[in-house]
1. Could you state the accessible area per residue of the protein assembly as shown in Å², with a 1.4 Å probe and every protein chain left in place?
2. Give me the percent of accessible area attributable to carbon and sulfur for segment A:79-205, probe 1.4 angstrom.
3. Determine the total buried accessible area between chain B and chain A, counting protein heavy atoms only with a 1.4 Å probe; round to the nearest 100 Å².
4. Per residue of B:112-122, what is the mean number of Cβ atoms on other protein chains within 10 angstrom of that residue's Cβ?
5. Packing-wise, with mean Cβ within 10 Å as the measure, how do B:195-207, B:131-143 rank, highest first?
6. Show me the helices of chain B, taken as full DSSP H stretches, that run 18 Å or more along their long axis by Cα and average 1.0 or above in Kyte-Doolittle hydropathy.
7. If the viscosity is 1.002 mPa s and the temperature 20 °C, what translational diffusion coefficient in µm²/s does Stokes-Einstein give for segment B:1-106 when Rh comes from Kirkwood over Cα pairs?
8. Using a 1.4 angstrom probe on the protein heavy atoms only, line up A:K25, A:K52, A:K104 by accessible area, largest first.
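The values are calculated or read from the model by the stated rules, or taken from the named source; none is laboratory data. The structure displayed is predicted, hence computed values, not measured ones. Quick reminder, even Gly has a Cβ in these numbers, built from the backbone with ideal geometry, and neighbours come from all protein chains shown. The protein model used for the area step is the full one, side chains on, heavy atoms only, and it has no ligands, DNA or RNA in it. Shrake-Rupley method; radii C 1.70, N 1.55, O 1.52, S 1.80 Å.
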Amino acid sequence: MIRTVGLEKSFGSNHVLRGIDVAIKPHEVVVVIGPSGSGKSTFLRCLNLLEKPTAGQVFFRGQCVTDPHVNVNEVRREMGMVFQRFNLFPHMSVIDNITLGPMKVRGVSPEDARQTARDLLKKVGIAEKEKDYPSQLSGGQQQRVAIARALAMKPMAMLFDEATSALDPEMIGEVLDVIRRLAEEGMTMVVVTHEMGFAREVGDRVLFMDEGVIVEQGTPEHVLGRPQNPRTRAFLSKVL
Amino acid sequence: MALDFSIIPGIIPALLVGTRMTIGLAVIAVAIGLVIGSFAGIARVGANRAARVITSVYVDFIRGTPLLVQLFLVYFGLPTLIGRPVPPFIAAIAAMGINSGAYIAEIVRAGIQSVDRGQMEAARSLGLTYSQSMRYIIFPQALRRIIPPLGNEFIAMLKDSSLVSVIALEELLRKGQVVITRTFRPFEVYMVVALIYLAMTLAISRLVSWSERRLRVVD
């Protein structure tokens, strides 16, 4: 469903991605791990073109989306993204945060958008908060709203950029539960995370990135349990 | 020579006429400035390079030169180019409006840039276009931060409008000068003129800090 070929990204002289080749199948959950600065987030942000790759291609459902003629908005609406810092719209209520995209991008009627939003809020376990503003919610609740906001677009894939890194420890579980449920429902996902236990549990495949390349990849048992590469081992010995 | 406050009641009506002109000038100038400044401020953060360069030359020129010189350019300079005189009132609001536009452009730019980058990213990642993201996400948040400095810009315009007295437009200061030729009491008259300016600017700065408090609660 998503494929990258020779993906590279530089910020000035800083060569963050040095050639990434990945193919992600429908319903696959790919977990990306690696030290900070390894390029995990940049890789994820290149997939929905929040970052413009310096070289290489990104294919989404067979279409080369790095082609300058492609309408990036049409690509992005099919790929939901969840951010480390939630990035909810602070001047809108929870329900308006969720209905904005479907109404303005997909042209869904306000009634239908609200109905979908309520169903999603129920699904992420905060149905009673629809009239609240983001600042009235805890971090975990805000992130669950952000997930609902992304899902409201009915995307074909979801990208999670360290979705639990900005949360207090007691709130990480409630957010991981939601992501886990999505995985069980067969959502295609790319998850950048520092939660190794979670990576092992939900990942169909784990990518270990370091210094802009994929050092090692395979099943969670393989990469996390019996890592072959010394850099993977060194990283895991620090975080496990 | 002793102060003579008994003249004050007699001069107040004339000064109030000038005050009305002063307020009118500032309101029209800031209104024009708001239109120019909104477009210029948006262009300053936009992707169009030509628009960025043009607006930054405009802002630098206006902020780097005295309003009085800009006024003279319009009132004395422009007629030699277009071959006919520019009425004082038109010259005044044109110079002040263009001047205000540059300061408001910077206020608008700062307001837009004060909104967290993640807001634009979240909006774009939903598939909203750049202009939809600006309209629904960035502007509403920027507006809250723009209103207080806009009040300060209005205060500055109110005070700077006294400069147009030199082109014989009868605003508050000019009215004071006219009154002095009748009463020969410059100290008393200028004192009253100063107090009228003070009353207006104090009232507006109160309004600004009240709006600052209100807008913060919503955030």
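1. Value for the protein assembly as shown: 47 Å² per residue.
2. 45 percent
3. The B and A chains share an interface burying roughly 1800 Å².
4. So the per-residue partner count for this stretch is 4.
5. Output ranking for B:195-207, B:131-143: B:131-143, B:195-207.
6. B:8-45, B:88-113
7. 135 µm²/s
8. Heavy-atom accessible area, descending, gives A:K52, A:K25, A:K104.
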